[in-house]
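Undergrad: Before anything else, here's the structure in question.
What follows draws every value from the coordinates through simple rules; no lab data is involved. Just so it is clear, the structure is predicted and the values come from calculations on it, not from any experiment. Here the Cβ is made from the backbone with ideal geometry for all residues, glycine too, and neighbour counts use every protein chain on show.
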Amino acid sequence: MSGKPKTRPSPGWGGHRPGSGRKSINQLSDKEAKTLYRELKKRSKAEGRTWQAVLIDFVFGRDSKTDQPLQMTAKERLTALRLVADLAVAKQSEQTVNVNRSEGPSIGLPPARPDPAKLVTIDGKKAVNGQ
């Protein structure tokens, strides 16, 4: 390249290609999942109820042990309900799969022609030369 060296990068110069680089990790690793499960078990023993029971308390806005209302906004209750829905409702995978089971070859052959060497009689015509 000729000219002065660049002093600051410009937005249209160089850079990475779209979609390149390491893919982001959105899920927990096995180690993190085991640690989370272990901590949930410890806390549920200390509290005397599971995390699912606490989440249901958040959905309904009342403490199930004392039957006292919780200081929660409607948005917080709706968020808890959404978490329950994400956990409880099965994910539906919609895809269309067309499976064509054909036993023959995938490339079709043209129809077989009759053998041109054979003599074929045509009905309704007179025979020529005694045939």
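Undergrad: Just tell me which aspartates and glutamates come within less than 16 Å, Cα to Cα, of K75; anything on the same chain fewer than 8 places away is out.
TA: By straight Cα distance, K75 reaches D57.
Undergrad: I'd like to compare 49-57, 116-124, 30-38: which one has the highest average count of other Cβ atoms within 10 Å, and what's the full order after that?
TA: On the way: 49-57: 14.3, 116-124: 5.4, 30-38: 10.1.
Put in order of decreasing packing, that is 49-57, 30-38, 116-124.
Undergrad: Straight distance only, please: which aspartates and glutamates reach the Cα of K31 with their own Cα at less than 20 Å, same-chain residues fewer than 8 apart left out?
TA: Cross-link targets: E39.
Undergrad: If I stretch the segment between D86 and T73 completely, what's the gain in nm (0.36 nm per residue apart, minus their alpha carbon distance), one decimal?
TA: Details: separation 13, 0.36 × 13 = 4.68 nm, distance 2.03 nm.
Going from the current span to full extension adds 2.7 nm.
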